[in-house]
Amino acid sequence: MSLSIVEIFAVAAALCAVLMAGSLHVKRNIFFYMVQTVLLAVVTAEIARTDGELNLYLIAVAIAILKGGCVPIFLRWMVKRLQSYSDPGMMLAPPLAMHASLLLFALSYLELGSLGALPGSALAASAAASLLLTGLILMLTRKTALSQIIGFLVIENGIYLFAVTQTSGMPLLVEMGVMLDVLVAVMVAGLIVFRIQQSFEHIDVTQLAELRD
């Protein structure tokens, strides 16, 4: 079975998320997120080429610059300011989280492939579902707020990948609006993390559940 360029890069993006699930180093996960987002920009550009949608080229450039460049730079600045370079993890050890992500990818492919009614590639849809589920794993199994922000961004990438591969792209204004929402959400989340650090001298969100009046 020959794979299209879209499918190859979509699977590569999903594998980046799997590697993120297996790593507790925040800077390394930010790097994987950056690579993942650039891969999605390439997917968007390839769909623009094959479908002749010029607005998708603009979206691809915006994704590469804003989400693949500005967001990782901001996250790395947060890491440096907070001195939070690693996440101790919780509930699942990194190898278990990574294997769980691979298993979810395989299950997504089997489930979506059995539907047979998807408008786009079943493999690309499976990669998108894997991104979404791996993002959930990152959010649910990590302790620090920074790692949970990265998990949220991976979920957003999964939603975008599904939309762009199954609908041949979204209107430019819609995608730019979503991208602006993501940037604002990251900035607000960053401010909240700084407030947590100032108030409690840590960003371990699991310890916040132990607070009492």
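From the set of residues in region 37-66 that are part of a helix (DSSP H, G or I) and more than 21 Å from the chain's Cα centre (by Cα), which is nearest to residue 158 (Cα to Cα)? Please lay out each step first, then the result.
If we filter region 37-66 for residues that are part of a helix (DSSP H, G or I), which is where we start, we get 37-51, 54-66.
This time we only want the ones that are more than 21 Å from the chain's Cα centre (by Cα), so: 48-51, 54-55.
Numbers: 48: 19, 49: 21, 50: 21, 51: 21, 54: 23, 55: 20 Å.
That would be 48.
Just one of (1) at pLDDT below 90; (2) within 19 Å of the chain's Cα centre (by Cα); (3) part of a helix (DSSP H, G or I) trips up residue 89, so point out which.
Tallying (1) at pLDDT below 90; (2) within 19 Å of the chain's Cα centre (by Cα); (3) part of a helix (DSSP H, G or I), residue 89 fails exactly one: (3).
Here is a list of conditions, (1) surrounded by fewer than 23 Cβ atoms within 10 Å (Cβ to Cβ); (2) closer than 20 Å to residue 71 by Cα, and residue 150 meets all of them except one; can you say which number that is?
Condition not satisfied by residue 150: (1).
What number of residues in region 51-72 are surrounded by 14 or more Cβ atoms within 10 Å (Cβ to Cβ) and of a type in the set (Asp, Glu)?
The number of residues fulfilling the criteria is 1.
Which numbered condition trips up residue 107, out of (1) surrounded by 15 or more Cβ atoms within 10 Å (Cβ to Cβ); (2) at pLDDT 85 or above?
The single condition residue 107 does not satisfy is (1).
Take residue 84 and tell me if it is at pLDDT 80 or above and either more than 26 Å from residue 47 (Cα to Cα) or within 19 Å of the chain's Cα centre (by Cα) (or both).
Values: at pLDDT 80 or above: no; either more than 26 Å from residue 47 (Cα to Cα) or within 19 Å of the chain's Cα centre (by Cα) (or both): yes.
Criteria not met by residue 84.
The values are calculated or read from the model by the stated rules, or taken from the named source; none is laboratory data. Keep in mind the model is a prediction, meaning the values are calculated, not measured. Using ideal geometry, Cβ is built from the backbone for each residue, glycine included, and neighbour counts are taken over all protein chains shown.
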